[in-house]
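The values are calculated or read from the model by the stated rules, or taken from the named source; none is laboratory data. Computed from a predicted structure; not experimentally measured. For neighbour counting, all protein chains shown are included, and Cβ atoms are generated from backbone atoms with ideal geometry for every residue, glycine included.
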């Protein structure tokens, strides 16, 4: 039975687990083959709530690893719209100012939609939107090293602020909201975002799905 309904694939795991690299690699390697109408990628980080009403001091205090930091209802709404063939305007989030920008990203529905983020499985309504659920299982010590390397370069943060946030929110929230939801995954991937066997297996699955559409 052929269907034009998008197949939505979630890629989740701890912060700096390699989930973004995994999803981006799938997207980059299949885009030339499937074309812009064939595959797209959405980042959960885009749906951090607007904090324009807060001072910078208060924005910094936000627990960005708690489900309440995200507007999951809007992401769920957007995935429903894309599933119906409609287009959506995805928010743009700035890590340096800790709030949304005025610009949005217009996204049309595609046959394959990749969604990556840390808390995709924490919301039942959102979780039910995913046809395939992938969990990137990476040891936390490796995640911390990667997070320090990333945030000092890409987000202009100090090592002290990164480690403090890791100890007070990132690690506790992982144990409370991310790791407990691993059983919802259809596939658990080890060795982070560079697991070529897992990447090739998902690419093969996507090709199989495309043949049925």
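Evaluation of residue 87 against the conditions (1) loosely packed, with under 13 Cβ neighbours inside 10 Å; (2) modelled with pLDDT under 95; (3) in contact with a helix residue (DSSP H, G or I) (Cβ under 8 Å, 6 or more places away or on another chain) shows that the sole unmet condition is (2).
Looking for something in contact with a helix residue (DSSP H, G or I) (Cβ under 7 Å, 6 or more places away or on another chain) and free of Cβ contacts under 8 Å to residues at least 12 places away in the same chain - is there at least one such residue anywhere in region 107-119? So far as region 107-119 goes, no, none of its residues is in contact with a helix residue (DSSP H, G or I) (Cβ under 7 Å, 6 or more places away or on another chain) and free of Cβ contacts under 8 Å to residues at least 12 places away in the same chain. A count restricted to region 152-185 and to residues that are in a helix (DSSP H, G or I) and either crowded, with 16+ Cβ neighbours inside 10 Å or touching a strand residue (DSSP E or B) at 6+ places or on another chain (Cβ under 7 Å) (or both) stands at 13. Counting only residues that are at pLDDT 95 or above and surrounded by 14 or more Cβ atoms within 10 Å (Cβ to Cβ), how many does region 191-213 have? The number of residues fulfilling the criteria is 9. Does region 10-28 include one or more residues that are surrounded by fewer than 19 Cβ atoms within 10 Å (Cβ to Cβ), touching a residue at least 40 places away in the same chain (Cβ under 8 Å), touching a strand residue (DSSP E or B) at 6+ places or on another chain (Cβ under 7 Å) and not in a helix (DSSP H, G or I)? Checked region 10-28: no residue is surrounded by fewer than 19 Cβ atoms within 10 Å (Cβ to Cβ), touching a residue at least 40 places away in the same chain (Cβ under 8 Å), touching a strand residue (DSSP E or B) at 6+ places or on another chain (Cβ under 7 Å) and not in a helix (DSSP H, G or I). Just one of the listed residues (149, 73, 40, 68) is within 17 Å of the chain's Cα centre (by Cα) and either crowded, with 16+ Cβ neighbours inside 10 Å or within 28 Å of residue 191 (Cα to Cα) (or both), and it is 40. Going by what's in this entry, would residue 121 be described as within 17 Å of residue 27 (Cβ to Cβ) and either at pLDDT 95 or above or surrounded by 17 or more Cβ atoms within 10 Å (Cβ to Cβ) (or both)? Taking the combined requirement at face value, the residue does not satisfy it. Residue check: residue 188 meets all listed conditions (1) in contact with a helix residue (DSSP H, G or I) (Cβ under 9 Å, 6 or more places away or on another chain); (2) at pLDDT 95 or above; (3) surrounded by 15 or more Cβ atoms within 10 Å (Cβ to Cβ) but one, namely (3). Residue-level check: of (1) under 29 Å from residue 88 (Cβ atoms); (2) out of contact with any strand residue (DSSP E or B) (no Cβ under 6 Å at 6 or more places or on another chain); (3) surrounded by fewer than 19 Cβ atoms within 10 Å (Cβ to Cβ), residue 132 misses just (2).
Restricting attention to region 90-115, the residues that are modelled with pLDDT of 95 or more and not in a strand (DSSP E or B) add up to 4.
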